[in-house]
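Let me begin by presenting the structure, written as structure tokens, before commenting on it.
What follows is calculated from the coordinates using simple rules that are stated; it is not laboratory data. If you're wondering where the values come from, they're calculated on a predicted model, not measured in any experiment. Cβ sites come from the backbone with ideal geometry, for glycine too, and all protein chains shown count toward neighbours.
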Amino acid sequence: MTAAKHTVLGITGTISSGKSLVGKILARQGIAVIDTDQVVHELLSSDEATKKAILDQFGAAVFAASPCQGEPLPPIDRKALGALVFSDPQKRRNLEAILHPNVILNCRKRVKDLSESGTSSRFPLVAILVPLLFEAKLEKEYDEIWSVFTEESVLRQRLGERDKLSQAEIENRLAAQLPQSEKARRAGQVIDNSGTPEDTERQVNLLLEKMFPAGKPQTLS
């Protein structure tokens, strides 16, 4: 996914590891950040082709309201859909087969649009937050890959508090992704988000300096 004027950075990590925090840190630097979770949310809310495919695959029970013939489909109930697919690996794969191609094309278009618009910052970089980067075999989409890591106890606490998940639901969601250690092994760089946000920000800034050392042009031509 290399754009002519940008380095494309994939940021991955297991659920609740801190990808969004890293994205916010980058955005404060003026770097364009694309969150694939938000892309998925938009597809589930407003993309009729995606919703129709999900209706055909999973039925009306995963919608926020009952679909009415001849009218636009209502948004997907993400909690109901999540409960369904995270309890059944085959159903999860079926959902990924619907969503992943659309998310990839959407991200490619956004990167292309950013490049053509001449959007610039101190760093000629586009960052994409991708929870299932390795699971979906998307390594070739990115010029550089960072993985965000968090201590397991902290991770599970965040999942329980933030998403109000039961222990069984936490285990199902973690089992649906590669272990943190494997994501860290495959990534070019690793960020430890077990400490304070300030600690994480320092790591992000050091990695940016490593990617774009002093003396290298920092603006788009």
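What base-10 log of the normalised intensity I(q)/I(0) is obtained for region 77-221 from the Debye formula, alpha carbons as equal point scatterers, at q = 0.16 Å⁻¹?
One equal scatterer on each Cα of region 77-221 leads to -1.10.
What net charge is computed for the residues neighbouring Ala83, neighbours being all others with C-beta under 13 Å from the C-beta of Ala83, Lys and Arg scored +1, Asp and Glu -1?
Numbers: positive: Arg78, Lys79, Lys91, Arg92, Lys164, Arg173; negative: Asp77, Asp88, Asp163, Glu169.
Here the count lands on +2.
If you plug each phi of region 181-198 into the Karplus form 6.51 cos²θ - 1.76 cosθ + 1.60 with θ = phi - 60°, what whole-Hz ³J(HN,Hα) values come out, in order, with x for Gly and Pro?
For region 181-198, the Karplus curve yields 4, 6, 5, 5, 5, 7, 7, x, 9, 10, 10, 8, 9, 6, x, 7, x, 5 Hz.
May I ask for the distance between the Cα centers of region 141-194 and region 46-77, given as a whole number of Å?
30
Would you list the P(r) distribution for region 83-165, with all Cα-Cα distances sorted into 5 Å bins from 0 and each bin expressed as a whole %?
That works out to 3, 10, 16, 17, 18, 17, 11, 6, 2, in percent per bin.
Treating only the Cβ atoms of Lys and Arg (+1) and Asp and Glu (-1) as charged, compute the dipole magnitude of region 132-181 about its Cα centre; round to the nearest 20 debye.
200
Please state the charge dipole magnitude for region 7-211, taken about the Cα centre, from unit charges on C-beta atoms (+1 on K and R, -1 on D and E), reported in debye and rounded to the nearest 20.
On the way: 27 positive and 29 negative charges, 31 e Å.
About 140 debye.
In percent, what relative contact order does region 61-193 have, based on Cα pairs under 8 Å that are 6 or more apart in sequence? Can you show the working numbers first?
Numbers: 78 pairs, mean separation 31.0, N = 133.
Relative contact order comes out at 23 percent.
Sort the following peptides by mean Cβ neighbour count (other Cβ atoms within 10 Å, averaged over residues), highest first: 58-70, 196-208, 29-41.
Result, highest mean Cβ count within 10 Å first: 29-41, 196-208, 58-70.
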